[in-house]
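Enquirer: This structure is in structure tokens; I'll ask about it shortly.
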Amino acid sequence: MLEIELCGIKMRSPTMLAAGILGSTASSLNWAGRSGAGAVVTKSFGLNPNKGYANPTTVEVTGGIINAIGLSNPGVANFKLELEKLDKSVPAIASLYGANQYEFSEIASEVENLVDAIELNVSCPHAMGGCGSAIGQDPHLTADIVRTVKKSVKIPVFVKLTPNVTDIVEIAQYAEDAGADALTMINSVGPGMKIDVETGIPILKNRFGGLSGPAIKPIAIRCVFDVFESIDIPIIGVGGIRDHNDVLEFLYAGARCVQIGTSIMYEGMDIFTKINNGLRRFMDEKGYGSVDEIIGISHD
Amino acid sequence: MNVPKIVKIKQIINESPTVKTFIFDWTVKDEIPGQFMMVWNFNNEKPMSISLIDPVKNEIGISIRNIGEFTNQVHNLREGDELGLRGPYGRGFHIAGSKILAVGGGIGMAPVIAFCEEATRMGIDVHIISAATTSNELIFSSRIDKSGAKLLTCTDDGTSGFCGFGTDLAEKTLSETDYDMIVSCGPEVMMKKLFDIVENYRIPAQFSMERYMKCGMGLCGQCCVDNVGWRVCVEGPVFWTDELRMISEFGKYRRDSSGVKHKIP
């Protein structure tokens, strides 16, 4: 009942582990798969090992968290060793970051044989060195990267978009025209900031960090809704999903499937099974036979 | 909320030439020995085991060995200075049984002393092996005596108690006395040896693992362990023997802040 197909990838449920959450090791990705995720996305990795920012890198705020981990990762060579240990129980998507199209395509080529798809992180709101949203806020840079990566790999290429733009539809259209197979939206919002009131000191070491969690869901829903009407490729919805009703909102708005991240803090890894069960119950009650019947029904 | 609470250092106790305990006023609710706090010195933030839980005076304490930049900065603080604390985090020691052997190595004694005081308050007979390199690095001895637990000291150089490793003394003690349970915290190489010894005795045991942590709240994945993927900050840091059997990296390697693996010496 929950099975979907995304760019030729078969998923047993429309829920994925989002990039950046517990995805640094094959072990935690396999655990998410065992726990009911329909697919898993790795934490973003780049060419070389990166320690990221010093702590505190994460702090809770009303409705979610802000984080500035700083894209910490062991580099593609080390990460390939992790990808080789994936148990293949569910499709795996590699989230990549880089400073330009050459870095992106080099990393993508390195891991192409080990994963089912690539997700381009051009939307991290606190990345250094011209990475992240510095790219994703520019439709031309985004398109250049998509085009180059598409030429270098045969597996599907997803692009994760930032909501921190004037017009996300424009960026989405550029990504589609450049050959993107699907769009993941949205990455965290902001950056935001939290200051300790006793001392006046910004809590995150980086001062600013991306806002994620239930607080950003309405923004994500609106982005998915807007973009759905303007493009033909599938949308992977992400932002603040905590229960199956949240998933339904994304599907109604036009997402084909969803990613779940921050709410693992509240619900633990059981969240995938809980959501899958909730979706099954809902669909059974309403008489839906497949997820496809639900996608985009909020549009006239 | 996972937000640092700013607290004044109420008291600093010099435990040894390298270890200090920092005590704070804290409304004690559900803190469990073996849990940890994220300690923010306004420059960096690191996980530290809770070494004192006093529900009567409403105090908690953390004990820190001076081993690097962050710990040195904290060691230079004075009573009245402020730190940020968030927590408690993780799964602590489960306290059960009537006779328990606790084995602590070095700064690993921090959660062990908190466990010892809580378990003895519950009327449990606790025997503690406190292991250190030399006698003046043995910490919490007077608190152990005061708790009523039996203290067995052990030093690498023989300056106090048993001369040799804590694991050697543990093996000797286990061969002489029956225990219902074992708890341990210390260098991983010590805990791995103890784990292998305990497997032969078929006594339930709990070990406190340490891994590099960033968020502390189960999201970043930095502390996930092979092959199960569990988060040391949520599913741990305390694991039972049957869980540790499934953690293939235990005693072998750990990941640094970028996620690169390093062998455990």
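Enquirer: For chain B, with all protein chains present and a 1.4 Å probe, just round the carbon and sulfur fraction of the accessible area to a whole percent.
Expert: Carbon and sulfur: 49 percent of the exposed surface of chain B.
Enquirer: Working with all protein chains in place, sort A:97, A:174 by solvent-accessible area computed with a 1.4 Å probe, largest first.
Expert: Greatest to least solvent exposure: A:174, A:97.
Enquirer: By accessible area of protein heavy atoms, probe 1.4 Å, what ranking do B:202, A:281, B:255 get, highest first?
Expert: From most exposed to least exposed: B:202, A:281, B:255.
Enquirer: ³J(HN,Hα) across the stretch A:67-72 via Karplus (A = 6.51, B = -1.76, C = 1.60, θ = phi - 60°), whole Hz, x for Gly/Pro?
Expert: Result, ordered by residue: 9, 9, 6, x, 6, 5 Hz.
Enquirer: Separate question: Report, please, the projected area of chain A averaged over directions, based on the convex hull of its C-alpha atoms, in nm².
Expert: Result: 14.3 nm².
Enquirer: Right, next: How shielded is A:56-65 by partner chains, expressed as the average number of their Cβ atoms within 10 Å of its Cβ atoms?
Expert: Neighbouring Cβ atoms belonging to other protein chains average 5 per residue here.
Enquirer: Using a Gaussian network model on chain B with a 10 Å cutoff between Cα atoms, which of B:130, B:248, B:147 fluctuates the most?
Expert: Residue with maximal mean-square fluctuation among B:130, B:248, B:147: B:248.
Enquirer: How big is the B-A contact in terms of buried accessible area, both chains counted, 1.4 Å probe, rounded to the nearest 100 Å²?
Expert: 3000
Enquirer: How many Å³ per residue does the convex hull of the Cα positions in the stretch A:129-221 occupy?
Expert: 121
Enquirer: What does the accessible area per residue of chain A come to in Å², with a 1.4 Å probe and no ligands, DNA or RNA counted?
Expert: With the other protein chains kept in place, chain A gives 36 Å² per residue.
Enquirer: With a/c under 1.5 counting as rounded, go ahead and sort the stretch B:1-138 into rounded, prolate or oblate using the C-alpha gyration tensor (a ≥ b ≥ c being the square roots of the eigenvalues; past the cut-off, prolate if a/b is larger than b/c, else oblate).
Expert: Cα axes put the stretch B:1-138 in the oblate bin.
Enquirer: Moving on. Can you tell me the length gained on complete extension of the stretch residue B:121 to residue B:256, counting 0.36 nm per residue apart and subtracting the Cα distance?
Expert: 44.8 nm
Enquirer: Mind checking the stretch B:18-102 for trypsin sites (Lys or Arg not before Pro) that DSSP puts in a loop (not H, G, I, E or B) and that have at most 16 other Cβ atoms within 10 Å?
Expert: B:29, B:57, B:78
Enquirer: Kirkwood hydrodynamic radius, the protein assembly as shown, all distinct C-alpha pairs: what's the number in Å?
Expert: With all distinct Cα pairs of the protein assembly as shown included, I get 24.8 Å.
Enquirer: May I ask you to rank B:260, A:41, B:56 by accessible area, largest first, using a 1.4 Å probe over the protein chains only?
Expert: The ordering from most to least exposed comes out as B:56, B:260, A:41.
Enquirer: With each pseudo-label sitting 7 Å past Cα toward Cβ, what's the residue B:156-residue B:200 distance in nm, one decimal?
Expert: 2.4
Enquirer: Above 19 angstrom, tally the Cα pairs of the stretch A:197-300 and express them as a % of all pairs, no decimals.
Expert: 50
Enquirer: Tell me which residues come under 5 Å, amide H to amide H, from residue B:128 once H is placed; ignore anything under 5 positions away on its chain.
Expert: The answer is B:102, B:150, B:151, B:152.
Enquirer: Checking buried surface per residue: for the stretch B:204-242, which residues lose a minimum of 50 Å² accessible area in the protein assembly relative to the chain alone (1.4 Å probe)?
Expert: When all protein chains are present, B:214, B:217, B:219, B:220, B:231 each give up 50 Å² or more of accessible surface.
Enquirer: So what does residue A:170 come to for accessible area, using a 1.4 Å probe and Å² rounded to 10?
Expert: My reading of the accessible area for residue A:170 is about 80 Å².
Enquirer: To continue, here is another question. Taking 35 Å as R0, compute the FRET efficiency from the Cβ-Cβ separation of residue B:146 and residue B:78 and round it to 0.05.
Expert: 0.85
Enquirer: Once you measure Cβ to Cβ distances between cysteines in chain B, which Cys have no partner under 4.7 Å?
Expert: Those would be B:116, B:154, B:163, B:185, B:223, B:224, B:233, since no other cysteine Cβ in chain B comes under 4.7 Å of theirs.
Enquirer: Mind pulling up the Rg/Rh value for chain B? Radius of gyration and Kirkwood radius, both on Cα.
Expert: 0.94
Enquirer: Using the beta-carbon distance between residue B:189 and residue A:77 and R0 = 30 Å, what value does 1/(1 + (r/R0)^6) give for FRET efficiency, to the nearest 0.05?
Expert: For R0 = 30 Å, the calculated efficiency reads 0.60.
Enquirer: Still on this structure: For chain A, which whole-number percentage of the solvent-accessible area (1.4 Å probe, protein heavy atoms only) is attributable to carbon and sulfur atoms?
Expert: Solvent-exposed carbon and sulfur of chain A make up 47 percent of the total.
Enquirer: How many Å² of accessible area per residue for chain B, probe 1.4 Å?
Expert: 39
Enquirer: Comparing A:77, A:32, A:117, which has the greatest mean-square fluctuation in the GNM of chain A with Cα pairs linked when under 10 Å apart?
Expert: Evaluated over chain A, the most mobile residue of the options is A:77.
Enquirer: Could you identify which residue out of B:54, B:242, B:30 has the top mean-square fluctuation in a GNM of chain B using Cα springs shorter than 10 Å?
Expert: In this elastic network of chain B, the residue with the biggest mean-square fluctuation among B:54, B:242, B:30 is B:30.
The values are calculated or read from the model by the stated rules, or taken from the named source; none is laboratory data. This structure is a prediction, so every number in the text was calculated from the model and none was measured. Every residue, glycine as well, gets a Cβ built from its backbone with ideal geometry; the counts of neighbours run over all protein chains shown. Heavy atoms of the whole protein, side chains included, go into the accessibility calculation; ligands, DNA and RNA do not. Shrake-Rupley method; radii C 1.70, N 1.55, O 1.52, S 1.80 Å.
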